[in-house]
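Asker: Let me give you the structure first, and then I'll get to my questions.
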Amino acid sequence: MDGMAVDAVVIGSGPNGLVAANLLADAGWSVLVLEAADEPGGSVRTAEITAPGFRNDLCSSFYPVAAVSPVLQALELERHGLRWTHAPEVLAHVLPDDRTVLLSRDLDRTAKSLESFVAGDGDAWRELYAEWLKIREPVMAAITGPFPPVRASVGLLRSLGVGDALRLARTFTLTARRMGEERFTGEGAQVLLAGNALHTDLGPDQAGSAVFGWMMAMIGQEVGFPAPVGGAGSLTAALVARLRQRGGQVSCGRRVTSVLVAGGRAMGVRDSSGSVVLARHAVLADVPAPALYLDLVGPDHLPAAFVADLARFDWDDATIKVDWALSGPVPWAVADAASAGTVHIGPDVNGLATFRNDLACGRLPRTPFILMGQMTTTDPTRSPEGTESAWAYTHVPRGQWTPDRIRRRADRMEQAIEQHAPGFRAKIVARSVMGPVELAEHNMSLVEGSINTGTAALHQQLVFRPTVGTGRADTPIDRLYLAGAAAHPGGAVHGAPGANAAKAALARHGLAGGPYRLAIKAVHRALYR
């Protein structure tokens, strides 16, 4: 093999790949990030895709988990140009009859909104939020740190005691519906939890959905749903600037076609031009697990039991996303929706359950659940004064999506918004529609429009993500690490999979690298023999 050599090659420049590269560069490693697209960022990018002067985020826009992620906080990206901004209110869920529940960073405003549904739910929310503040730090450390989270678990036990720690563990198994019914009486709080759970692919009656709805709601209450000033691409720009300041390199337009493996060890990569980059210490892959193992590595280099497990990898739903350039703010019938950065448009808890069940059955839901972002309301730099840059997405079944079917679904999304914002369609200056194919063309990791890189369901979490294993970034190939959202703890922009992969690579190359390698090898042999 001939070619350049670096300490580590990172495949993919999504936020996880860039976080991993930054941590390795901090340790003094020479790092090269190879990106197939023409610019870095993966799904954290911004462009004028609707009309001149309107800056639309190509995929994700709001980053509540990033705001509380110990991984991203430690990088101090504000020193590299990142600035956060907020809409006046965090989130509004608009029910079919226009009743609206509001999530605000002002605890009193949230409580007042919940009280408008049922007296007493405001106090119940305050109690839930107080519990969150007590355990937030160890919970986030447990979620974002390497598996198993021994130190964070000890911290939780100290904070809660054995009894309450077990009660928290029970909460993590609950459905969003059950948690809502146990903690609240009114529909407002219950739909707030269920709607936030659907930021994943979990409906209100799926085990484990409660923890996602609870976390998103509590983080929103505490720090809001912030967005980077200027667009999602500003977050990527800060990560790239930090990396380059430390000597790291990012090379775009270079699609990796294979990971070079010899003697059970990752030696480097080959790109689509045939060029080889040797990796002295590690290869880290911010790509979906099936793409890494089946396409870049190849089944012949992997244990047969591992390949068989990988065949059961469970993707999340497909997605259709629409971006708009609007001549003015969305003309909501209710004021709370007008002031929120994120708006949920859709049914009550039963309706959300029906929506999710339709998707599970491969049916196109008659009433879509729509997650909408009002970006100029959040960040005035996104479009000309007096206008609005907005987007919305909904989940759809995986399968064949023709341009005509996608267009009709986008029209249906606009009709649903129009029902709660009369005159919305008249304000559309231009729109951009991305179906499953277009999303995957924008970012190869969004396979068939999967935006979570695998289901968030319990059967694919912890030691089951991406397959039965250790829950760690280490793979059956020595010095090859899974650094993307297919690894624990999964999707959302928090940098944890990338950070965990970097920590594993550093441990493998450290003073205890030999025993570390032998221990991982022994575990994998036991799992996949």
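The values are calculated or read from the model by the stated rules, or taken from the named source; none is laboratory data. Here the structure is a predicted model, which means the values were calculated and not measured. FYI the Cβ positions are ideal-geometry reconstructions off the backbone, even for glycines, and counts take in every protein chain you see. When the accessible area is computed, the model is the full protein with side chains, heavy atoms only, and any ligands, DNA or RNA have been set aside. Shrake-Rupley method; radii C 1.70, N 1.55, O 1.52, S 1.80 Å.
Asker: Looking at segment 397-418, which of the residues that are without any contact (Cβ under 8 Å) to a residue 60 or more places away in the chain and not charged (D, E, K, R) is farthest from Glu438 (Cα to Cα)?
Answerer: Here is the first cut: in segment 397-418, the ones without any contact (Cβ under 8 Å) to a residue 60 or more places away in the chain are 400, 402-405, 407-408, 411-412, 415, 418.
Filter once more, so that each one left must be not charged (D, E, K, R): 400, 402-403, 415.
On the way: Gln400: 13, Thr402: 11, Pro403: 10, Gln415: 22 Å.
Looking at residues that are without any contact (Cβ under 8 Å) to a residue 60 or more places away in the chain and not charged (D, E, K, R), I get Gln415.
Asker: Sort through Arg312, Arg265 and tell me the only one that's in contact with an Asp or Glu (Cβ under 9 Å, 6 or more places away or on another chain) and either more than 30 Å from Phe225 (Cα to Cα) or not basic (Lys, Arg) (or both).
Answerer: Just a single option satisfies the conditions, and that option is Arg265.
Asker: Restricting to helices (runs of 4 or more DSSP H) lying wholly in segment 287-381: which have 3 or more residues that are more than 17 Å from Pro88 (Cβ to Cβ) and open to solvent by 20 Å² or more (accessible area, probe 1.4 Å)?
Answerer: Details: elements: 304-310, 335-338, 349-360, 375-378.
Qualifying helices (runs of 4 or more DSSP H): 304-310, 349-360.
Asker: If I filter segment 1-39 down to residues being among the aliphatic types (A, V, I, L, M) and assigned to a loop (DSSP other than H, G, I, E, B), which single residue comes out as surrounded by the fewest Cβ atoms within 10 Å (Cβ to Cβ)? If you could, list the steps in order and put the result at the bottom.
Answerer: Quick first cut of segment 1-39, residues among the aliphatic types (A, V, I, L, M) only: 1, 4-6, 8-11, 18-21, 23-25, 27, 31-34, 36-37.
Restricting the remaining residues to those that are assigned to a loop (DSSP other than H, G, I, E, B) gives 1, 27, 36-37.
Numbers: Met1: 11, Ala27: 18, Ala36: 20, Ala37: 19.
Here the answer is Met1.
Asker: Please enumerate the residues belonging to segment 64-77 that are in contact (Cβ under 8 Å) with a residue 40 or more places away in the chain and assigned to a helix (DSSP H, G or I).
Answerer: Once the filter is applied, which keeps residues that are in contact (Cβ under 8 Å) with a residue 40 or more places away in the chain and assigned to a helix (DSSP H, G or I), segment 64-77 yields Pro64, Val65, Ala66, Ala67, Val68, Pro70, Val71, Leu72, Leu75, Leu77.
Asker: Could you check segment 425-529 for helices (runs of 4 or more DSSP H) lying wholly inside it with 3 or more residues that are open to solvent by 50 Å² or more (accessible area, probe 1.4 Å) and either at pLDDT 95 or above or of a type in the set (Val, Ile, Thr) (or both)?
Answerer: Values: elements: 436-442, 496-509, 513-528.
In segment 425-529, 496-509, 513-528 are the helices (runs of 4 or more DSSP H) which contain 3 or more residues that are open to solvent by 50 Å² or more (accessible area, probe 1.4 Å) and either at pLDDT 95 or above or of a type in the set (Val, Ile, Thr) (or both).
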